[in-house]
Amino acid sequence: MSASPTHGIAGEAVAAAAERRWAIAVVLIIASLVAMMILTGVHWAAMPPSRVETIDPRTLHISGEFAEGNLGTAMTPDGKVVVRLVAQQYSFEPQCLVVPAGVPVTFRGTASDVIHGFIVGRTNANTMLVPGFVATFTTTFPEPGEQLMPCHEYCGTGHEAMWARVQVLPRDEFLSRAGRAERLSCVPR
Ligand SMILES: [Cu+2]
């Protein structure tokens, strides 16, 4: 019943070949990751971001763009939609954002303590929020509906409970609400 000695040697050869294949695959993966790090490092060093906006996280709440009364969605005089928000352990301010569908929306956000970030549902609205810096991007939400906006940078023990909601309203409904209020949000009062 025992395996023949030749069988054992053949088995060893198969195992050695499989191990070699895995070793080659792992070396290739590590080499490609290192190459990616070097490439991105050189790229960022050669072409630093064109626009870096800094802000003092210690005085964020006291005055200026990210003071509490200024957070939420606002219409600029020339009709642009701007959402301002602040992330902190473990919530976003405001907790519920209102945006129009089919209109470009500019987000401006920052963090007051540690690195946070967010993504809005399955849209391409996605950014990190780093204390000391203002993150900005513009996106358009094609469909009305409600989206979840979780924090996607691990920020501490309460991270998994850190999320907000985004209500994407039909354009006309948004405009009629925006006409009545300076700052819009859907936080229940
Ligand atoms: Cu967070």
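The values are calculated or read from the model by the stated rules, or taken from the named source; none is laboratory data. It should be emphasised that the depicted structure is a prediction, and the values quoted were computed from it without experimental measurement. Positions of Cβ are generated from backbone atoms using ideal geometry, with glycine treated the same way; all protein chains shown enter the neighbour counts.
Criterion first (away from the ligand (no atom under 16 Å from the Cβ), free of Cβ contacts under 8 Å to residues at least 40 places away in the same chain, under 19 Å from PRO100 (Cα atoms) and not aromatic (Phe, Trp, Tyr)) does GLU182 satisfy it? No; evaluated as a whole, the condition is false for this residue. Applying the criterion of being free of Cβ contacts under 8 Å to residues at least 40 places away in the same chain and more than 13 Å from CYS151 (Cβ to Cβ) to the residues of region 112-124, the residue that is surrounded by the fewest Cβ atoms within 10 Å (Cβ to Cβ) is ARG122. Quickly run through region 87-111 and pick out the residues that are surrounded by fewer than 24 Cβ atoms within 10 Å (Cβ to Cβ), over 16 Å from LEU184 (Cβ atoms) and within 16 Å of the chain's Cα centre (by Cα). Hits for region 87-111 are GLN88, GLN89, TYR90, SER91. Flag: GLY156 matches the condition of being in contact (Cβ under 8 Å) with a residue 24 or more places away in the chain, part of a loop (DSSP other than H, G, I, E, B) and within 25 Å of HIS61 (Cβ to Cβ).
Considering the conditions (1) in contact (Cβ under 8 Å) with a residue 12 or more places away in the chain; (2) not in a loop (DSSP other than H, G, I, E, B), ASP172 is excluded by exactly one of them, (1). Does ARG108 meet the test of being more than 19 Å from LEU169 (Cα to Cα) and either more than 16 Å from the ligand (Cβ to nearest atom) or touching a Ser or Thr at 6+ places or on another chain (Cβ under 6 Å) (or both)? Yes, satisfied.
Taken together, the residues in region 68-105 that are in a loop (DSSP other than H, G, I, E, B) and either within 16 Å of the ligand (Cβ to nearest atom) or modelled with pLDDT of 95 or more (or both) amount to 4. Here MET162, MET128, MET149 are screened, and the one residue that is touching a Pro at 6+ places or on another chain (Cβ under 8 Å) and either without any contact (Cβ under 8 Å) to a residue 40 or more places away in the chain or buried (at least 17 other Cβ atoms within 10 Å of the Cβ) (or both) is MET162.
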